Amino acid sequence: MVQSAILGFPRMGVNRDLKKATEAYWGGKISQADLLAEAKRLRLAHWKIQQDAGVDVIPSNDFALYDHVLNQIQDFGAVPPRYTKDGLDLVDQYFAMGRGHQKNGIDVPSLEMVKWFDSNYHYVKPTLQNGQTFKLADEPKAVAAFNEAKEAGIKTRPVLVGPVSFLHLGKADRDQTVEPIELLDALLPVYEQLLVKLKEAGAETVQIDEPTLVFDLPAKSKAAFKPAYEKLASLGDKIPKLVFTTYFGDIVHNLDVLPKDVYAVHVDLVRNPEQLDEVIGALGPNTILSAGVVDGRNIWKTNFKRAIETVETAVQKLGKDRVIAATSSSLLHTPHTLASEKKLDAEIADWFSFASEKAVEIATIAKAVTEGPAAVREQLEANAKSLQARASSSRTNDPKVKDRQSKVTDADYKRKSEFPTRISLQQKKLNLPLFPTTTIGSFPQTKEIRLQRNRFTKGEITEAEYDKFIEKEIEDNVKIQEELDLDVFVHGEPERNDMVQFFGERLDGYAFTTHAWVQSYGSRCVRPPIIVGDISRPAPMTVKESKYAVSVSKKPMKGMLTGPVTCLRWSFPRDDVHQSVQAEQLALALRDEVVDLQNAGVGVIQVDEPALREGLPLRAGKERTAYLDWAVKAFRLSTAGVEDDTQIHSHFCYSEFQDFFHAIAALDADVLSIENSKSDAKLLKVFVDEAYPRHIGPGVYDIHSPRVPSEQEIKDRIQEMLAHLKPDQLWIDPDCGLKTRQWKETKEALVNMVNAAKAFRAQY
Ligand code: GLN
Ligand code: ZN
């Protein structure tokens with residue numbers, strides 16, 4: 001029979017229960033025991049959902065209190081020494097690596113956290129030492145989770161990040177020179193011990209994730225697959241059977257290192273259906289194919305007909321016993337359940353499927369193939385009907401939008417003058433000092449803000465009352481910035497719940513949900529709006545607040561928008577129209593907003609594109625070039641409508657520019673701010689090498705953690721940057737927006753930042 005399998009389930013729970021519990025624990029409001037009990041309750045609930053859906057293969061150890069890679073860093077004894085020296089218990093040590101720890105005289109920053117492939121999930125980077133050794137934890141989480149499920153009567157398939165991916169996704173610690181992949185021999189014994197323990201606990205199969213196989217791998221990483229999997233194969237029956245798992249791309253270019261003697265190989269056939277034949281051709285003689293046919297990254301109902309055909313194609317070649325029908329990736333990237341959405345209109349709700357519904361889908365698909373379509377006739381008919389309704393709905397098509405798109409010309413992508421002309425006009429108008437200081441946009445989203453927003457949403461206060469409240473917040477933010485003596489102000493974004501959802505709610509063509517949260521990092525969740533149809537802007541979206549901010553402020557005020565690519569990437573996009581078309585529609589809507597802001601007296605406008613990088617196709621080549629072309633164009637289309645003396649900023653939450661620099665430069669933004677505090681300032685060298693002419697503010701401190709950087713630390717950072725950047729092109733700012741921080745640490749950090757900038761100003 002064809003089994004159904006899920007590669008991972010969202011962790012947060014129906015009501016973001018995990019977020020609430022971890023944050024309560026961090027705030028000292030619940031005990032560690034309470035936190036762990038809640039985590040256990042969630043794991044059991046999620047297994048039960050999958051079991052009730054009829055799924056054959058249910059994952060365990062996909063759960064994590066913060067991040068699954070961090071789980072492994074800790075369980076493999078790859079904890080950098082700065083986290084072990086203070087005697088924190090294991091849970092606090094774990095969170096210290098995830099988010100830093102600054103309490104009771106202990107002060108350690110977090111480990112670097114970066115995007116998980118091209119998703120909006122972030123993982124903690126394994127951070128390795130010269131001569132790194134590994135040691136399996138006494139109670140590895142993978143074993144504990146498997147046993148926990150077993151006790152509840154649920155047999156699971158534990159999930160591990162495989163050895164090559166674990167190392168490839170890691171890095172040498174600061175000041176260390178080790179090449180992570182060279183630690184393979186040191187690492188493999190830990191896998192061996194862990195797999196033996198899992199086998200002893202009763203695990204028959206283990207999902208071993210090697211998604212890095214979809215990359216264009218450097219030779220050393222690629223060469224590591226063979227010895228790693230030969231070693232594991234040599235353990236024979238001492239370890240569970242391995243399901244070698246890839247996702248988010250095709251593996252055709254790396255098939256020569258695909259292990260032949262693993263039990264199963266999983267591939268993502270939603271993203272790359274075309275790889276099916278070649279992958280089948282490269283399987284070992286007994287290897288099973290796990291066919292990823294239910295999208296783990298999106299919320300659209302699966303097209304049953306297409307998915308079943310794909311699985312059947314595999315069955316024809318391999319037979320029913322050598323095919324598993326699976327989700328394309330972990331369902332981590334989808335919301336928990338559609339059942340929580342009480343406000344979605346029925347027409348649209350019928351087009352969606354979230355994690356809990358996808359569990360039913362994958363079971364249905366497996367059943368259709370195993371027993372024949374008659375066994376699930378009703379489900380197939382309902383599915384076909386719903387897909388048909390979506391395709392023909394008037395909600396998806398707006399002729400006015402299409403007409404405007406057809407009229408875009410080359411001139412629309414270009415500012416009036418080149419940068420030198422622009423910057424001198426801007427400087428005349430703005431009159432900024434050397435090393436201007438600014439922030440990235442948001443200020444702490446306090447309890448009070450959330451409370452008032454909630455009351456407004458529930459209709460407990462009127463719009464006028466809410467607007468008054470927001471104005472007061474803006475005024476307070478301006479006052480604080482005056483006291484801090486920052487140079488370019490922001491209004492602080494108090495009216496925004498989220499940088500994309502906020503815009504989604506103000507644009508036509510979007511649907512938004514009440515509960516469709518997905519984990520971004522740690523306890524942080526986002527609720528991506530859903531693009532359901534052609535997009536347009538019925539009315540200005542941010543002008544009211546920005547105009548008010550200008551009116552209460554004596555210094556330049558920066559207007560704040562989310563760029564077209566980020567709006568697209570952090571929404572659930574349509575799957576029936578190319579993403580470039582959706583990006584252009586967003587760009588045109590934003591272009592009108594940018595011009596409206598300018599005309600309302602906002603002289604500096606920041607268009608954030610933190611998601612530009614994550615959208616980059618994982619492999620170099622045609623696909624990547626095409627993406628960069630439309631993504632850059634969308635940004636330029638959205639910003640190029642302004643006068644020369646309006647200063648366009650853009651912001652990026654990453655600093656890995658190596659394969660990306662030219663695209664960033666092509667945006668033609670007057671000022672860039674980038675997340676940089678946790679990366680090596682050497683990365684900035686590319687700006688020198690490429691003679692980047694425009695302004696840039698590499699973040700001088702990390703905002704993901706409550707830790708306050710000292711003035712000296714920030715000075716050191718600026719000094720490092722000045723080794724690569726010219727003084728008159730350098731801005732001083734934090735890594736990112738401050739909405740997740742408290743005011744206390746925010747003010748303390750900004751005081752230090754402004755003082756550091758002033759100290760340099762005095763020297764030049
Ligand atoms: N302007 C946004 C903020 O400050 C930027 C956030 C981001 O880059 N992720 O919150
Ligand atoms: Zn950012």
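The values are calculated or read from the model by the stated rules, or taken from the named source; none is laboratory data. Just so we're clear, the structure is a prediction, and the values are computed from it rather than from any experiment. No Cβ is skipped: glycine too gets one built from the backbone with ideal geometry, and neighbour counts run over all protein chains shown. Surface accessibility is based on the protein's heavy atoms, side chains included, excluding ligands, DNA and RNA. Shrake-Rupley method; radii C 1.70, N 1.55, O 1.52, S 1.80 Å.
For segment 318-342, the set of residues classified as in contact (Cβ under 8 Å) with a residue 40 or more places away in the chain, part of a helix (DSSP H, G or I) and more than 29 Å from the chain's Cα centre (by Cα) consists of 320, 321, listed by residue number.
All told, residue 45 falls short of being more than 28 Å from residue 328 (Cβ to Cβ) and either acidic (Asp, Glu) or touching a Gly at 6+ places or on another chain (Cβ under 9 Å) (or both). Annotation note: of 680, 645, the sole residue that is farther than 30 Å from residue 95 by Cα, away from ligand 2 (no atom under 16 Å from the Cβ) and touching a residue at least 12 places away in the same chain (Cβ under 8 Å) is 645. Considering only residues that are part of a loop (DSSP other than H, G, I, E, B) and surrounded by 15 or more Cβ atoms within 10 Å (Cβ to Cβ), look in segment 718-737 and name the one that is nearest to ligand 1 (Cβ to nearest atom). Per the criteria, the residue is 737. Within segment 533-576, the residues that satisfy the criterion of being among the hydroxyl-bearing types (Ser, Thr, Tyr), touching a residue at least 40 places away in the same chain (Cβ under 8 Å) and open to solvent by 10 Å² or more (accessible area, probe 1.4 Å) are 536, 548, 553.
Set side by side, the residues 496, 537, 524 differ, and just one is within 12 Å of ligand 1 (Cβ to nearest atom), closer than 29 Å to residue 581 by Cβ and basic (Lys, Arg), which is 496. Of all the residues in segment 476-493, those that are within 14 Å of residue 544 (Cβ to Cβ) and either within 23 Å of the chain's Cα centre (by Cα) or away from ligand 1 (no atom under 16 Å from the Cβ) (or both) number 1. Taken over segment 144-182, the criterion of being among the aliphatic types (A, V, I, L, M) and either more than 21 Å from residue 240 (Cβ to Cβ) or open to solvent by 20 Å² or more (accessible area, probe 1.4 Å) (or both) is satisfied by 144, 152, 167, 169, 172, 178, 181. Inclusion of residue 6 among residues that are open to solvent by less than 20 Å² (accessible area, probe 1.4 Å) and either in contact with a Pro (Cβ under 7 Å, 6 or more places away or on another chain) or modelled with pLDDT under 95 (or both) is warranted.
Checked against (1) without any contact (Cβ under 8 Å) to a residue 12 or more places away in the chain; (2) hydroxyl-bearing (Ser, Thr, Tyr); (3) crowded, with 20+ Cβ neighbours inside 10 Å, residue 22 meets all criteria but (1). Checking each residue in segment 427-462 for being assigned to a loop (DSSP other than H, G, I, E, B), away from ligand 2 (no atom under 16 Å from the Cβ) and among the hydroxyl-bearing types (Ser, Thr, Tyr) picks out 446, 462.
Restricting to segment 218-248, count the residues that are farther than 20 Å from residue 187 by Cα and in contact with an Asp or Glu (Cβ under 7 Å, 6 or more places away or on another chain). Looking only at that region, the number is 3.
Looking across segment 195-215, the residues that are part of a helix (DSSP H, G or I) and either within 14 Å of residue 159 (Cβ to Cβ) or open to solvent by 10 Å² or more (accessible area, probe 1.4 Å) (or both) come down to 195, 196, 197, 198, 199, 200, 201, 211. Among the conditions (1) free of Cβ contacts under 8 Å to residues at least 24 places away in the same chain; (2) polar (S, T, N, Q); (3) in contact with a His (Cβ under 6 Å, 6 or more places away or on another chain), residue 606 misses just one, which is (1).
Just so you know, in segment 738-751 the residues that are open to solvent by 10 Å² or more (accessible area, probe 1.4 Å) and in contact (Cβ under 8 Å) with a residue 60 or more places away in the chain include one that is farthest from the chain's Cα centre (by Cα), and it is 751.
Residues checked against (1) loosely packed, with under 12 Cβ neighbours inside 10 Å; (2) more than 16 Å from ligand 1 (Cβ to nearest atom); (3) over 17 Å from residue 693 (Cα atoms):
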| site | (1), (2), (3) |
| --- | --- |
| 398 | no, yes, yes |
| 407 | yes, yes, yes |
| 421 | no, yes, no |
| 428 | yes, yes, yes |
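No other residue among 596, 629, 644 is acidic (Asp, Glu), touching a Ser or Thr at 6+ places or on another chain (Cβ under 7 Å) and more than 16 Å from ligand 1 (Cβ to nearest atom) apart from 644. Selection of segment 40-65 for residues being closer than 20 Å to residue 140 by Cβ and surrounded by fewer than 19 Cβ atoms within 10 Å (Cβ to Cβ) yields 40, 44. One residue stands out in segment 253-279 among those that are hydrophobic (A, V, I, L, M, F, W, C) and open to solvent by 20 Å² or more (accessible area, probe 1.4 Å): the one that is farthest from residue 57 (Cα to Cα), namely 255.
Within segment 430-458, restricting attention to residues that are within 16 Å of ligand 1 (Cβ to nearest atom) and not polar (S, T, N, Q), the residue that is farthest from residue 496 (Cα to Cα) is 440. Quick one: in segment 219-252, which of the residues that are part of a helix (DSSP H, G or I) and out of contact with any helix residue (DSSP H, G or I) (no Cβ under 9 Å at 6 or more places or on another chain) is surrounded by the most Cβ atoms within 10 Å (Cβ to Cβ)? Result: 233. If residue 45 satisfies every condition in (1) assigned to a loop (DSSP other than H, G, I, E, B); (2) over 23 Å from the mean Cα position of the chain (by Cα) but one, which is the exception? Every listed condition holds for residue 45 apart from (1). If the condition is being without any contact (Cβ under 8 Å) to a residue 12 or more places away in the chain and not acidic (Asp, Glu), then segment 355-399 contributes 372, 374, 375, 377, 382, 385, 388, 392, 394, 399. If you go through segment 660-675 one residue at a time, do you hit one that is under 20 Å from residue 490 (Cα atoms) and in contact with a Leu (Cβ under 7 Å, 6 or more places away or on another chain)? Checked segment 660-675: no residue is under 20 Å from residue 490 (Cα atoms) and in contact with a Leu (Cβ under 7 Å, 6 or more places away or on another chain). Go through the residues of segment 94-112 one by one and say whether even a single one is open to solvent by 50 Å² or more (accessible area, probe 1.4 Å), at pLDDT below 95 and under 16 Å from residue 127 (Cα atoms). Checked against the condition, which is being open to solvent by 50 Å² or more (accessible area, probe 1.4 Å), at pLDDT below 95 and under 16 Å from residue 127 (Cα atoms), segment 94-112 yields at least one hit. In the list 633, 622, 685, which residue meets the criterion of being under 25 Å from residue 715 (Cα atoms) and either more than 16 Å from ligand 2 (Cβ to nearest atom) or out of contact with any strand residue (DSSP E or B) (no Cβ under 7 Å at 6 or more places or on another chain) (or both)? Just a single option satisfies the conditions, and that option is 685.
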